[in-house]
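See structure below.
The values are calculated or read from the model by the stated rules, or taken from the named source; none is laboratory data. This is a predicted model, so every value here is computed, not measured. Cβ atoms come from the backbone with ideal geometry, glycine included; neighbour counts cover every protein chain shown. Protein only, heavy atoms only, side chains kept; ligands, DNA and RNA dropped before computing areas. Shrake-Rupley method; radii C 1.70, N 1.55, O 1.52, S 1.80 Å.
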Amino acid sequence: GGQATFYNVEENEGACGGFDTNTDFVVAMAVGMYGDENSVSQYCGKTVQITNLQNGNTATATVVDCCPTCPIDTSLDMSPSLFDSLSDNNEDEGVFPISY
């Protein structure tokens, strides 16, 4: 398991290369799993099915970025729309436990 957080996807180009929007279902993978944040990871472009362990909501997202500030190596930093689709309280919740 890991922890879900969210970020403004539109601020910068993702570590995988390219730009995404806050409405895309995309994630930044914690640097401990992603690898060198200055390189394109083997996980770039891969899809991951994510489950919120608090409510059972699931969604599929694409790895597009690296999260050097994620608190644990199994964290996923999500686009706001993905985070909202998985959570009950949208961004008010802040974080929730996940499996993927």
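Points to keep in mind about this one:
- Among the candidates VAL31, VAL63, the residue that is β-branched (Val, Ile, Thr), out of contact with any Leu (no Cβ under 9 Å at 6 or more places or on another chain) and farther than 17 Å from PRO97 by Cα is uniquely VAL31.
- Enumeration of residues in the stretch 73-100 that are under 17 Å from TYR43 (Cα atoms) and open to solvent by 10 Å² or more (accessible area, probe 1.4 Å): ASP73, THR74, ASP77, SER99, TYR100
- Checking GLY14 against (1) over 12 Å from the mean Cα position of the chain (by Cα); (2) buried (at least 17 other Cβ atoms within 10 Å of the Cβ); (3) not aliphatic (A, V, I, L, M), the condition it does not meet: (1)
- Search result, residues across the stretch 44-57 that are closer than 18 Å to PRO71 by Cβ, at pLDDT 95 or above and either touching a helix residue (DSSP H, G or I) at 6+ places or on another chain (Cβ under 9 Å) or buried (at least 19 other Cβ atoms within 10 Å of the Cβ) (or both): ILE50, ASN52
- The one condition in (1) exposed (fewer than 15 other Cβ atoms within 10 Å of the Cβ); (2) more than 14 Å from GLN3 (Cα to Cα) that ASP65 fails to fulfil: (1)
- Matching residues in the stretch 19-43 - criterion: being under 18 Å from SER79 (Cα atoms) and either open to solvent by less than 30 Å² (accessible area, probe 1.4 Å) or among the aromatic types (Phe, Trp, Tyr) (or both): PHE19, PHE25, VAL26, VAL27, ALA28, MET29, ALA30, TYR34, TYR43
- Conditions (1) part of a strand (DSSP E or B); (2) charged (D, E, K, R); (3) out of contact with any helix residue (DSSP H, G or I) (no Cβ under 9 Å at 6 or more places or on another chain); number of the one not met by GLU10: (1)
- Counting only strands (runs of 3 or more DSSP E) that fall entirely inside the stretch 16-100 and contain at least 3 residues that are touching a residue at least 12 places away in the same chain (Cβ under 8 Å) and among the β-branched types (Val, Ile, Thr), the qualifying elements are 47-52, 58-67.
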